[in-house]
Amino acid sequence: MTRLRAPDKADFGSRLRSAAVTARVGMWLGICFGICFVTGLVSHWSQLPQPPIPVPTSPSWGYTLTQGLHVVTGTAAIPLLLVKLWSVYPKLFARPPMGSARRLAVHGAERLSIGVLVAAAIFELATGLANASQWYPWSFSFRSTHYAVAWVAIGALVVHVAVKLPTIRQALDADLEDGGLDRPSVGASTGGLSRRGLLRATWAAAGVAVLATAGNTVGWLRDVSVLAVRSGEGPQGVPINKSAIAARVTDTALDLTYRLTVAYGGREVSLSRDELAGMEQATEELPIACVEGWSASGSWRGVRVRDLLALVEAPDGSDVEVTSLQPSGPYRVTTLPANFASDPRSLLALQLGGEPLAIDHGYPCRIIAPNRPGVLQTKWVSRLEVLP
Ligand SMILES: Nc1nc2c(c(=O)[nH]1)N[C@H]1C(S)=C(S)[C@@H](COP(=O)(O)O)O[C@H]1N2
Ligand SMILES: [Mo]
């Protein structure tokens, strides 16, 4: 009769589990996490009214690149993390070292730090994937939570790499088939897949993940990008994020008495859409790059924001508060930092692709500025207020 007992790490006999495999997959996972972390900082700071390091307005495609990389490396990290966890999980069942209290404490601390790392990594990849698929099944603020947990993940990752560095070095230097690195050491051969085969399958899975999302940014990949939620279709060749109906602006946006207010201190100027169209117009080719990872470029035509600010004699170097006709929602009011407000490429656009803006793209007028997250390209603008 077999006795019921907890599994022991010796019960997991696959020869595919080896420090040589774990270290190779782990290295690429670490690279993906590093890119995700840096591009995530860029995205978070770009969305702050006053970022700790000012975000430049050039290149205009900067945010398209960093956010595209963020979503692509985050998706590629999913298969890498799964294989890495599979390669080490029997260690969960390793018996803690008995005898010395000190060794037990060190063991416990190491387990705890790995627990934090794994939990934070799974949280980041799961919330990120849900966000990129425009699925928000939670009530907490995605951006601040994803940002806070990113610091936990990267901190735990640095500790983990530092602790394991000797093992990682040895494992990366050793031949993949080196039997001395097997985990557990008492393993039966499973035949079938080789370690090289496992690694090849892992890289292929990560490659598929990249192709499945890269079409968000790289147009010609769109047909193979099943996870690219925005297909590149939409009125005037640009996808729509929030529609006018969803934003509840259909009546106010089409109202013939619509006027834009530009305000600075006591001064106020009010302009109809015809009056805006009568001002000097500029055309700029600029992308909309959504935090969710998709982007699309368009040819926008409208009034330079700085020309509008000149109407109220606003001094150069002021931040501008942009208000939408939208009655509520997190993107109703946004801040256009001073360097963006004074950049000649920043427009209050009236047209896209040579036609008046579609109502879903922000008719009567919208903000379009270079190197900005899409979420701050405010549609259905009703007021520009120069901040003191
Ligand atoms: N007023 C308002 N403007 C908004 C939004 C919004 O919800 N309300 N969504 C933003 C987001 S998240 C993106 S990505 C862009 C998309 O612009 P598009 O729908 O014209 O492509 O609009 C931005 N402007
Ligand atoms: Mo967006």
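The values are calculated or read from the model by the stated rules, or taken from the named source; none is laboratory data. Just so it is clear, the model here is predicted, and its values are computed rather than measured. Positions of Cβ are backbone-derived with ideal geometry, glycine not excepted, and every protein chain shown enters the neighbour counts.
What helices (runs of 4 or more DSSP H) lie completely within region 243-299 and have 2 or more residues being under 25 Å from the mean Cα position of the chain (by Cα)?
Working: elements: 244-247, 250-254, 273-278.
Answer list for region 243-299: 244-247.
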Where residue 302 falls short, out of the listed (1) surrounded by fewer than 19 Cβ atoms within 10 Å (Cβ to Cβ); (2) in a strand (DSSP E or B): (1)
Residue 136 assigned to a loop (DSSP other than H, G, I, E, B) and out of contact with any Lys or Arg (no Cβ under 9 Å at 6 or more places or on another chain): yes
Hits in region 344-388 - residues which are under 19 Å from residue 262 (Cβ atoms) and within 16 Å of ligand 2 (Cβ to nearest atom): 362, 366, 367, 368, 369, 376, 377, 378, 379, 380
Test: residue in region 357-366 that is in a strand (DSSP E or B), under 22 Å from residue 50 (Cα atoms) and out of contact with any helix residue (DSSP H, G or I) (no Cβ under 7 Å at 6 or more places or on another chain): yes
Residues of region 308-330 that turn out to be in a loop (DSSP other than H, G, I, E, B), within 16 Å of ligand 2 (Cβ to nearest atom) and not small (Gly, Ala, Ser), as a count: 2
Subset of region 123-142 that is surrounded by fewer than 16 Cβ atoms within 10 Å (Cβ to Cβ) and in contact with a helix residue (DSSP H, G or I) (Cβ under 8 Å, 6 or more places away or on another chain) - its residue that is modelled with the highest pLDDT: 142
Verdict on residue 273 being basic (Lys, Arg), away from ligand 1 (no atom under 16 Å from the Cβ) and out of contact with any Phe, Trp or Tyr (no Cβ under 7 Å at 6 or more places or on another chain): no
Where a residue in region 150-163 is not assigned by TED's automatic domain parsing to the domain that holds residue 35 and its partner, wherever it lies, is surrounded by fewer than 16 Cβ atoms within 10 Å (Cβ to Cβ), with Cβ under 8 Å and at least six apart: none
Any hit, region 161-175, residues being of a type in the set (Asp, Glu) and modelled with pLDDT of 80 or more: yes
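Can you pull out the residues in region 329-352 that are within 12 Å of ligand 1 (Cβ to nearest atom) and touching a helix residue (DSSP H, G or I) at 6+ places or on another chain (Cβ under 7 Å)?
329, 331, 334, 352
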Single match in 240, 245 (criterion: within 15 Å of ligand 1 (Cβ to nearest atom), among the β-branched types (Val, Ile, Thr) and exposed (fewer than 14 other Cβ atoms within 10 Å of the Cβ)): 245
So residue 233, is it at pLDDT 95 or above and either under 22 Å from the mean Cα position of the chain (by Cα) or more than 16 Å from ligand 1 (Cβ to nearest atom) (or both): no
Residue 372 within 13 Å of ligand 1 (Cβ to nearest atom), under 26 Å from the mean Cα position of the chain (by Cα) and among the charged types (D, E, K, R): yes
Residues of region 290-307 satisfying the condition of being in contact with a Phe, Trp or Tyr (Cβ under 9 Å, 6 or more places away or on another chain) and more than 16 Å from ligand 2 (Cβ to nearest atom): 305
Any hit, region 237-248, residues being modelled with pLDDT under 85 and away from ligand 2 (no atom under 16 Å from the Cβ): yes
Residue identified as away from ligand 1 (no atom under 16 Å from the Cβ) and either closer than 30 Å to residue 211 by Cβ or modelled with pLDDT of 95 or more (or both) among 292, 313, 321: 313
Residue 99 being in a helix (DSSP H, G or I) and of a type in the set (Gly, Ala, Ser): no
Among the candidates 221, 256, 260, residue that is aliphatic (A, V, I, L, M), at pLDDT below 90 and either more than 16 Å from ligand 2 (Cβ to nearest atom) or surrounded by 20 or more Cβ atoms within 10 Å (Cβ to Cβ) (or both): 221
